[in-house]
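Undergrad: Attaching a single structure in structure tokens format; questions to follow.
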Amino acid sequence: MTGTTIAQAIPIAISPILTRIYTPEDFGVFALYISISTIFAVIATGRYELAIVLPKKNEDAALLVQLSIMITLLIAIVTLVIVTLLNAEITQLLGNQNISQWLYFIPLTVCFTGFYQSLHYWNNRKKQYDDLVFSRITRSVTTSGVQVGGGLSAVSNHGLIAGEIIGQGVAAFVLARRAWSENKTVFCKTHNIKIIALIRRHKKILYYGLPMGLLNAVSNQLKSLVFSAIFSSSIVGWVYMAERILRAPLSIMSSSFNTVFFQKIVNTDNKLQLYIKSYLSLLFFSLVALYPIYAYGELIFEFVFGPQWKKAGEVAAVLYLMVCFSFASSAISTIFTVLERNEVSLIWQIVYFMGLVLLIISFGRGDYLVLIRYLSYWGAGMYFLLFVLGLKCILNFEKDKRSGG
């Protein structure tokens, strides 16, 4: 957490600078790029990176890394074809002409993200947390430096997006260089039959984890996509900044916690106690840590980020509950992968997504704050339900284990 705190503190510290260099419209374009690239990046590895921690043999885990990287390259090529052939149509659908030129960089982001995710889980498996922290700090420093430098050189929103791309690339390179230097022998071994066997062994990740991850990404990014089409770039920028600041203190804990939780829950015999204790601790932490923003959001945002960001503080107060419950549940949601019950989380994700769509259809043409409020209440309730479903899966797992099933 110490290293992750440093990595997260840098973008938090420069946020008041960025909000005075860039306009809400600039952040709106940036948020739109992040939303699109996140959706494509989720399917970049076929979600097979989640299985890298599971095999007993390092050779099998290394083959899963190879598989994830191969799928990433394939998805990046497909993405390039899509954004090249349908650039005008995508731009028109999103209602923002400024995003057009940046669509061509999404395949690059997909590559960097897929590589990083694969190597992240490899390092998690090897318990090389120092390498993970170093990559996060390097990414944070690089991203922030490029964003500030780009803004000061009057490149407008180009600096925000360019910083994100370059930072992700540098982080992936840092992990790749260390992993290759220490595990060159095991990574050089390729066994096609074993790869096929591993694909079949972890097919539930592909069948359930991939659709769930995609739906989750679409659900999380739906606000930016829809608000860009029906409202304005400024509103997209306010919503993005509100969530960014709300999630910033939580990310300090979640990045490290989720990494260790996944490794611990795989190996512990008392999964129920770890699961409940983790959830309650995370929920309590988030409710307390974010309460000042909930109570004084407008004043805090106006003072820290400038007068044009006062509305973002109002949005942050509305999103308070959803962010707290989603943080607590998402950080431990890997339990479904560990117990091979991804179909449960997939059904939950489908219901959650359908609810979001119905709310947007019902309230999407009115006041944007009313829509955000309903989305926040729906999200808070559904993420609590996700925790309950995980609890039920653990109880069933323990019951089957005692009965020898």
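The values are calculated or read from the model by the stated rules, or taken from the named source; none is laboratory data. Model, not experiment: these values are computed from the prediction. Cβ sites come from the backbone with ideal geometry, for glycine too, and all protein chains shown count toward neighbours.
Undergrad: When you go through (1) at pLDDT below 80; (2) surrounded by 21 or more Cβ atoms within 10 Å (Cβ to Cβ); (3) assigned by TED's automatic domain parsing to the domain that holds Leu391 one by one for Gly213, which number turns out not to apply?
TA: So Gly213 meets the others, but not (3).
Undergrad: Something else about it: Is it the case that region 125-142 has a residue that's of a type in the set (Lys, Arg), in contact with a Gly (Cβ under 9 Å, 6 or more places away or on another chain) and either over 22 Å from Ala44 (Cβ atoms) or in contact (Cβ under 8 Å) with a residue 60 or more places away in the chain (or both)?
TA: Within region 125-142, one or more residues are of a type in the set (Lys, Arg), in contact with a Gly (Cβ under 9 Å, 6 or more places away or on another chain) and either over 22 Å from Ala44 (Cβ atoms) or in contact (Cβ under 8 Å) with a residue 60 or more places away in the chain (or both).
Undergrad: Here is a list: Lys223, Lys194. Which entry is in a helix (DSSP H, G or I), assigned by TED's automatic domain parsing to the domain that holds Gln92, touching a helix residue (DSSP H, G or I) at 6+ places or on another chain (Cβ under 9 Å) and among the basic types (Lys, Arg)?
TA: Lys194
Undergrad: Check region 201-210 and report whether any residue there is within 21 Å of Met354 (Cβ to Cβ), among the hydroxyl-bearing types (Ser, Thr, Tyr) and outside the structural domain of Ser37 (by TED's automatic domain parsing).
TA: yes
Undergrad: Still on this structure: List the helices (runs of 4 or more DSSP H) that sit entirely inside region 19-128 and contain at least 1 residues that are buried (at least 21 other Cβ atoms within 10 Å of the Cβ) and among the β-branched types (Val, Ile, Thr).
TA: Ranges flagged: 24-42, 58-85, 106-125.
Undergrad: What do you reckon, is Tyr240 more than 29 Å from Ser37 (Cβ to Cβ), in the same structural domain as Trp348 (by TED's automatic domain parsing) and assigned to a helix (DSSP H, G or I)?
TA: no
Each row is one residue, and each column tells you yes or no for (1) surrounded by 14 or more Cβ atoms within 10 Å (Cβ to Cβ); (2) without any contact (Cβ under 8 Å) to a residue 24 or more places away in the chain; (3) in contact with a Gly (Cβ under 8 Å, 6 or more places away or on another chain); (4) among the aromatic types (Phe, Trp, Tyr).
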site	(1), (2), (3), (4)
Trp348	yes, no, no, yes
Phe353	yes, no, no, yes
Tyr368	yes, no, no, yes
Leu375	yes, no, no, no
Phe387	yes, no, no, yes
Gly390	yes, no, no, no
Glu398	yes, no, no, no
Arg402	no, yes, no, no
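Undergrad: Can I ask one more? Restrict the check to region 282-302 and report whether at least one residue is among the aromatic types (Phe, Trp, Tyr), under 30 Å from Ile17 (Cβ atoms), modelled with pLDDT of 90 or more and crowded, with 21+ Cβ neighbours inside 10 Å.
TA: Yes, region 282-302 contains a residue that is among the aromatic types (Phe, Trp, Tyr), under 30 Å from Ile17 (Cβ atoms), modelled with pLDDT of 90 or more and crowded, with 21+ Cβ neighbours inside 10 Å.
A quick yes/no check of all residues on (1) without any contact (Cβ under 8 Å) to a residue 12 or more places away in the chain; (2) closer than 23 Å to Gly167 by Cβ; (3) not β-branched (Val, Ile, Thr):
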{"site": "Leu18", "(1), (2), (3)": "no, yes, yes"}
{"site": "Ala41", "(1), (2), (3)": "no, yes, yes"}
{"site": "Glu49", "(1), (2), (3)": "no, yes, yes"}
{"site": "Lys57", "(1), (2), (3)": "yes, no, yes"}
{"site": "Asp60", "(1), (2), (3)": "no, no, yes"}
{"site": "Leu86", "(1), (2), (3)": "yes, no, yes"}
{"site": "Gln92", "(1), (2), (3)": "yes, no, yes"}
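Undergrad: Which helices (runs of 4 or more DSSP H) sit wholly inside region 271-367 and have at least 3 residues that are of a type in the set (A, V, I, L, M, F, W, C), within 29 Å of Pro55 (Cβ to Cβ) and assigned by TED's automatic domain parsing to the domain that holds Leu18?
TA: Per the criteria, no element qualifies.
Undergrad: Taking the condition in contact (Cβ under 8 Å) with a residue 24 or more places away in the chain and more than 18 Å from the chain's Cα centre (by Cα), does Ile360 pass?
TA: Yes, satisfied.
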